[in-house]
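The values are calculated or read from the model by the stated rules, or taken from the named source; none is laboratory data. Please read these numbers as outputs of a predicted model, since none were measured by experiment. Positions of Cβ are generated from backbone atoms using ideal geometry, with glycine treated the same way; all protein chains shown enter the neighbour counts. Accessible surface areas use protein heavy atoms only, side chains included; no ligands, DNA or RNA. Shrake-Rupley method; radii C 1.70, N 1.55, O 1.52, S 1.80 Å.
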Amino acid sequence: MEKKVRVTSTVQQASDCVQQASGGGRLSGRRWVIKIGSALLTNDGQALNFEGIRSWVRQIVILKKHGIEPVIISSGAIAAGMARLGWQERPTVMHELQVAAAVGQMGLSQAWQTAFAEYGIETAQVLLTHADLSSRQRYLNARSALTTMLDLRVIPVINENDCVVTDEIKFGDNDTLGALVANLLEADTLILLTDQDGLFTTDPRKNPYAVLVDERKASDPALDEMAGGSKGIFGSGGMLTKLRAARLAARSGACTVIVGGRINQVLERLHSGDALGTLLLPDEGRTVARKRWLAGHLLMRGQLQIDAGAVRALQETGSSLLPVGVRAVEGEFQRGEMVACVDEEGREIARGLVNYSSSDITKVRGLSSSRVHEILGMSVEPELVHRDNLVLV
Ligand code: GLU
């Protein structure tokens, strides 16, 4: 019944989400956060959809061969747990939901692990809560662990840690979690695989004349009405949460595709440039957006005075800040907090998130990175501020 007419707005394709000449596709960039909803993962609530998981895994392995760094956000724990416990109706009592999530998460992780193991690829279960992403320290810890997984070619499979959260502190839906992970990892693309082909002008399950929206800016206010009112029954998200997730992801410059997870070879086809689903673009190019996001994200807690060599390294080669370039430390701050980097005349050069506290930096300033471990008895990272967490001002 769905009419596959496409509506394309007059979006200026300025965003660097949109591939320019090469490949002809409309997505570019390496880091893709791929969120798969509960209805897909559990065959509309019946039980875990092993066949679907094998199919997405097969596609993700191909994307990986093309240089994509995939991060999976997997819903389905509650729905899978309900099926295992023989519950027909989603519980309304929080503790029962938590039990369903805990039971279901076991099988969910195992299903992903088994499917990727066929290709010799390791996966890692990561369960996050809201508190993990709003505390600066845990935020950086999660970021470092996830980026290390990607460096080691391990695929993170992320879900909300439903067992320890209550309504007030929940992300609530994995669309939001996907967007926050896209922010955290500064992903290029957020893909929301769902049981509909994309975002329609009205709910296609109620209106056969609903039209698929092809491409818009995520900020387009006309989208709110289109997304309103279509809520899935197995997960907790609907189109409105997907739209909000796209807007969140756009803050760090990621583009979002809302697309049908049951479409044949959907991920491969998106990668090769097929215009499937609904593409929601950030207002500004990715570099500008992610820097603005970082710069506006936090209060400054202190400053590092850096020498002329470090100023040049930051400004001219876009390097990370190393201990050797730091002359003095001002203020008290913890790992993960925002600091200003100033030159010897006190002019601000950059700001960024520090990997070490002010007291640790005081001990290692002026030294080579190789001595950090010896002095502090541990080293989290060789950089004081990694270039990905640094914005020139
Ligand atoms: N974390 C929930 C689960 O695994 C899903 C949340 C959502 O539906 O988006 O079941």
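Take the range 34-57 and flag every residue that is free of Cβ contacts under 8 Å to residues at least 24 places away in the same chain, surrounded by 16 or more Cβ atoms within 10 Å (Cβ to Cβ) and either small (G, A, S) or assigned to a helix (DSSP H, G or I) (or both). The answer is S55, and nothing else.
For (1) under 21 Å from D173 (Cα atoms); (2) touching an Asp or Glu at 6+ places or on another chain (Cβ under 6 Å), each residue gets a yes or a no:
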| site | (1), (2) |
| --- | --- |
| S55 | no, no |
| H66 | no, no |
| S74 | yes, no |
| M82 | yes, no |
| A101 | yes, yes |
| G120 | no, no |
| D132 | yes, no |
| L150 | no, yes |
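For I62, the test of being open to solvent by 30 Å² or more (accessible area, probe 1.4 Å), in a helix (DSSP H, G or I) and closer than 26 Å to L184 by Cβ is passed. Against the test of being at pLDDT 90 or above and buried (at least 17 other Cβ atoms within 10 Å of the Cβ), the options D197, D173 yield a single qualifying residue, D197. Residues that are under 16 Å from N389 (Cα atoms) and hydrophobic (A, V, I, L, M, F, W, C) were ranked within the range 312-332; the one that is surrounded by the most Cβ atoms within 10 Å (Cβ to Cβ) is L321.
Among residues belonging to the range 372-393 that are free of Cβ contacts under 8 Å to residues at least 40 places away in the same chain and touching a helix residue (DSSP H, G or I) at 6+ places or on another chain (Cβ under 8 Å), point out the one that is nearest to G253 (Cα to Cα). Of everything passing the filter in the range 372-393, S379 is nearest to G253 (Cα to Cα).
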